[in-house]
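Just so it is clear, none of the values below were taken in a lab; they were calculated from the coordinates. Remember, predicted model here, so these are calculated numbers, not experimental data. Please note: Cβ atoms are built from the backbone with ideal geometry, for glycine as well, and neighbour counts cover all protein chains shown.
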Amino acid sequence: MAILVIAEHDNQQLKPATLNTVNAASQLNQPISILVIGSDCQAVAEQASAVSGVDTILVADNAVYQHQLAENTAKLIAELASDFDYVIAAGTTTGKNTLPRVAALLDVAQISDIVAVKSADTFVRPIYAGNALATIQSLDSKKVITVRTSAFDAAGTDGSATITPCGLVHANAQSEFVSEELAVSERPELTAASVIISGGRGMGNGENFSLLEKVADKLGAAVGASRAAVDAGFVPNDMQVGQTGKIVAPDLYIAVGISGAIQHQAGMKDSKVIVAINKDEEAPIFQIADYGLVADLFEVLPELESLL
Amino acid sequence: MKVLVTVKRVIDYNVKIRVKPDGSDVDLTNVKMAVNPFCEIAVEEAVRMKEKGIASEIVVVSVGASEAQEQLRTALALGADRAILVETTANTESLNVAKLLAKVVEQEQPSLVIMGKQAIDSDNNQTGQMLAALCDMPQATFASEVSVTDNSVAVTREIDGGLQTLSLRLPAIVTTDLRLNEPRYASLPNIMKAKRKPLATVTPDDLGVTLSAHTQLLGVNPPPQRSAGVKVKSVAELVDKLKNEAKVI
Amino acid sequence: MDFALNDIQQMLKDSAGKFIHNDYDFETRQKYSHSELGYSEDNWQLFAELGWLALPFAEEFGGLDGNATDLMVLMTELGKGLIVEPYLSTVVLAGNAIQRGGTAEQKEALIGGIVGGELKLAFAGLEAQSATDISSINTQASTAGSGLVLNGKKQVVLHAQSADKLVVAARSHNNNGNIALYLVDANAEGVAAHHYPTNDGARASDLTFTNVAAELLGDSDDAAAVIQAVLNDAIVAVSAEAVGVMDKMLAATVEYTKVRKQFDVPISTFQILQHNMVDMFMECEQARSMLYYAAITIGGGNSEEQVAEANKASQFLKWKVGQAARLVGQTAVQLHGGMGVTDELDVGHMFKRLTMINTLFGSMDIHLDNLVKQRQAA
Amino acid sequence: MNINFSEQELAFQQEVQTFFREKLPESVQAHIDNGLSFSAEVTVAYQKALYNKGWAGINWPVEHGGTGWTPTQKYIFQTESAKAKAPRQIPFGYSMVAPIIYTFGNEEQKQRFLPDILASNTWWCQGYSEPNAGSDLAGLKTRAVRDGDHYIVNGTKTWTTLGHHADWIFCLVRTSDEGSKQKGISFLLIDMTSPGVSVKPIITLDGRREVNEVAFQDVKVPVENLVGEEGRGWTYAKVLLTHERTNIAGVAVSKQRLSALYDLLNQPPAGCPDLKNNSVFMSRVVQVEMELKALEFTDLRVLSSVSTGTAPGPESSILKIKGTEIQQALDELYVEIAGIYALPFVPEQYDEAGYEPRIEPFFAPNAAPHYYNNRKVTIYGGSNEIQKNIIAKQVLGL
């Protein structure tokens, strides 16, 4: 029995999501290999070989895989899967895009977004936006799984796996990469950050989000937003935390001017520590906040920045 | 160009679900059901294509129990032309739904399939991708913008770091994300016309598909409840507690 | 025996409900209410596009042949948003009077405009000395040259400010004491208006007519039956609106008491408050049942016996909704504590709308008194 | 939305009306007009007439002699029986113990008990409440100790309606003390003639003997009389509560009493106050009329969902509370319309046919006793306060 973990990377950097995924995979107590599919991605392979508890690193380095499009990467993974019993990827947009296609090619089910491993074939995953947790048993011989990375700690980086190239090349004549606009900022990505400070409708407008950014810089935090703030056009949509945005579970989540509707809570209620700053004492967010400060955010933020 | 869209019957977006006391499943008795919000966005996108003269016919498909006809009627009232119900209640996990849809796609030969990225009950986010594999079609998931040219479709997708644009050769499959469009309300005249639009019902046997279970639901339980913490009086007290009590900064 | 909504009613309920949920939250409603017009013209055009303005009118004039039950379904959902658009005055009152009493030409000329969203109307009935019903109005129609003119004063005419045309109840120009209905151009010469907001967020006006050019609505100058039929429909409409508001108040109160903690526990754990909320629930259900009874009966045939039953049903309904709304409204405010009496929270505004609905088309005490007198005369 | 009966339902209505016209003697109908309760003989005669027509087990499964009627047919039967001022079947046999026997009992028990219940040969009463176990029934203390092929039963049951007429009593007894209060309760059938069973009357405010206290002193009860398993009595009793869906609100009976009240108002008997021209009184009457009309449609909404096989909506939970409130409101109106003639306490005038000297108007002296007795309807079968607790929890999720 062996496990193939699909690396999450951008051809230069192995993303932290892979470390959480390996940790989840390690709970199955089987030998683990990491597959790196990309173009000019040797650096990623080296970083992958340092991940603790991993035996081998497979590298499929070819121009056709540069943008990791699902059509050909899924064929590659499905082909390699014959030597493995588990194919596991992080529940990132890349994992969610590709893994179901692999499962279909292997004619097996996929178990999405697991938050716990119960046994070799039984897992726990959130349903109804996390308002219920389902225990699912796989009846297939091969298990295709995506992992909700916020539910697992990161694996260590003191390993030394052997790197072996994989020469399989699958062309992709069906879809073609056109362009990409990545929001380049040194601040950590929402799904990877250990501290997040989010703004809601209470921020009043987009410019006021700079008050959050100043505090975020002091804490090395990512900046998020509620759907209300995104819908009001304060900030771009990829900053949205919630049922229909990003699911996060940082060590510290500071909700500023966010009422905390169920849909928002669904995205951040698993954070280790939650702080709520709101002038409305009745805001639902206070129900789940470990520390609540009923005050005007425009007074609190500057003071908070100065104290950090 | 024929466009095929899928809709799923799920609980209403605003319903707070309760887990059954015996932990067997979520309690759906007397719960208001509706079209999955992401599926509504798929129907809306198809209807806009028809209004722009790009789509000539919109076929809406649902896989589920006979009650799903209600959701198909809603899709017809939003502007779909023809509805197909694949009636089954057993084994409706994503892979099996994809297999059934693959047969419908084979019969209908649409140039474009538009589906919701996930259903808000199972939250699987799988069926579109699986259908693409079974039909060997290119896919673009989490679409926030779709523009069709003669034999290809350009799709902007929401990915973790930002936006990515792909060009897919038709026929292709697109799954919708929340900001693709704002679904319209069904007008009363269209609601009345929907009653007269064709709604065919087929079964897995008619499609020559036999379904087997690939997973089994062992139980469902509510998530751990958070209890409300303490109120702090000042920013200073907050910082102190975060540093020394919670040790998170 | 079937109380389930048919497919069309179910989808109408879903789309109206979705509109209120997505585009008509309380903050948005307040913005419309405090705007210069007092409502949103964009919404009015959307209502036209969605066929809601066409609902009760005959297909022949661009309508959708909807009956009282269909109107009930739509108004219950719109009630949940406390809408301020002039649907009641334009469609349910004035438009309905034209449909029931107008000549074919008048219907041809006016209903198309209403359905298309171009024409807004108001119904001017009550007067200072005839404030609970229009039986003792003084506004007088008279002939002037080849046409007719109106003279008189009308009180609290709903949404007159945004009306293009008025349907006015007046003493017949044939001086036979009949009460007839007349069409008047709202901006005609001789129409003086004092516009003001109402305390539940809508708009109304006091109007004075001095030799205002008017046209008889329909062929007969005896509009009593038409007015009674319009009144019955209006009572179903505002009662449906009230039931929608009550449902929302109950849900809001239950949610609030689960969140609001005092003495370290949610106040929803106190039995007295639980029973108060059960009483609210029972009143909502009994009001809904009476609404079904009235909508079915009023939407029924128009044999003499059916019309008599319809008139009784509208009195039963207006009483029951008044009584239920008083309990639900007062209890909701009480259980919200201080917040219930504030302007910023929506619950208080729902309470105000319910209180004002009781004053419209005869309060619960007026209908109760009429019913008592009818039985005493039997 | 429509509230009309189908062709077959109308035909069935005719059949029911014909049955009551032919089978119900004139004297029986006068009882309701005068607020009188039916004697045991009159009730049993009526139940036997229903049995002979095959209409005794309205809610029973067909294989045990049930009518197999649709929910709408049941509704029609209950409405027509009220209009015909017929007696009500004693519920303890037909709709309380029988459903538990045919659902949880063994074959022997079904054969032994069901035919006699259906034919109204045996009279049953209910042994649930105890002096110290009322709303919190699960705290009951009557004990049944297993002794070979018998149970030895000791304890006291109270509020046992018509226990003095009963041949059998079905009891909730405690067979164990482990686990929760509910877990140790069993469902036991006891022959009233068994040695050690004693029945003591409890006279109620109307001066009549309707309820009793039944004491068990070392009563030997054969093990065959245990229904289902030991320790599951509570769940059996709870299932019963959801069994009886229609006719809880008593709308038909209340409508009949209201129309009789209007008759009294329109032709007030000599001696009764002329309340028709008293607007304060009339406004109370009209309010009851309107509240009853609303309840009638709540009842129809429940019928509509039950007859399409869907679970009834939350509105079904208010039938008992609103129904009993309206019954009591009607009682108040009758007392007031009786005027001064509410004072004489002459029960014999109602017990012996043709009793002289008779106080007129005949209904008046019985108005207050009926009003006193009927205070029970918001107390028994789960008080209205308990009903509100249930609604708060199950409907409002509090």
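A compact table of results
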quantity	calculated
Relative exposure of D:Thr161, D:Thr310, A:Thr146, D:Thr298, judged by other C-beta atoms within 10 Å (fewest first)	D:Thr310, D:Thr161, D:Thr298, A:Thr146
Links that overshoot a 25 Å alpha carbon limit, given the list D:Lys48/D:Lys110; B:Lys32/B:Lys117; C:Lys248/D:Lys74	C:Lys248/D:Lys74
Using alpha-carbon coordinates, inclination of helix C:271-298 to the longest axis of chain C, degrees	30
Rg ratio (alpha-carbon, reference 2.2 N^0.38 Å) - the protein assembly as shown	1.07
Euclidean distance between Cα centres, region B:25-70 to region C:1-62, Å	22
Partner aspartates and glutamates for B:Lys243 [C-alpha distance under 15 Å; skip if fewer than 8 residues away on the same chain]	A:Asp251, A:Asp290, A:Glu305
Inter-part distance where region D:144-197 and region A:236-308 are each reduced to a Cα centre, Å	59
Using alpha-carbon coordinates, inclination of helix C:7-23 to the longest axis of chain C, degrees	70
Over 21 Å between alpha carbons, listed pairs C:Lys318/D:Lys276; A:Lys118/A:Lys143; C:Lys120/C:Lys154	C:Lys318/D:Lys276
Order of A:Glu8, D:Glu7 under a 10 Å beta carbon neighbour criterion, fewest first	D:Glu7, A:Glu8
Residues of type aspartates and glutamates that D:Lys157 reaches as a straight line, Cα spacing below 20 Å, ignoring anything fewer than 8 places off in the same chain	D:Glu130, D:Asp136, D:Asp167, D:Asp177, D:Asp191, D:Glu210, D:Glu213, D:Asp218, D:Glu230
Subset of B:Lys20/C:Lys31; D:Lys53/D:Lys141; C:Lys80/D:Lys322 violating a 31 Å alpha-carbon distance limit	B:Lys20/C:Lys31; D:Lys53/D:Lys141
Exposure proxy order (Cβ contacts within 10 Å, fewest to most) of C:His336, D:His31	D:His31, C:His336
Net +/- balance of residues flanking C:Asn311 in space, Cβ distance below 13 Å, scoring K and R +1, D and E -1	-3
Distance histogram in 20 Å bins (all Cα pairs of chain C, percent per bin)	28, 58, 13, 1
Counted charge near A:Ala116, where neighbours are those whose Cβ lies closer than 10 Å (Asp, Glu -1; Lys, Arg +1)	+3
Estimated dipole of region C:7-118 in Debye, rounded to 20 [Cβ of Lys and Arg +1, of Asp and Glu -1, Cα centre]	360
Electrostatic dipole magnitude of region D:245-394 [Cβ: Lys, Arg +1; Asp, Glu -1; Cα centre; debye, to 20]	740
Positive-end residue of D:Trp55, D:Tyr75, D:Phe297, charge dipole of chain D with Cβ unit charges	D:Phe297
Cα centroid separation, region D:218-295 to region D:343-391 (Å)	12
Between 0 and 90°, nearest 10: helix A:93-105 axis offset from chain A longest Cα axis	40
Charge sum, other residues only, whose C-beta stays under 15 Å from B:Leu168's C-beta, Lys/Arg counted +1 and Asp/Glu -1	-3
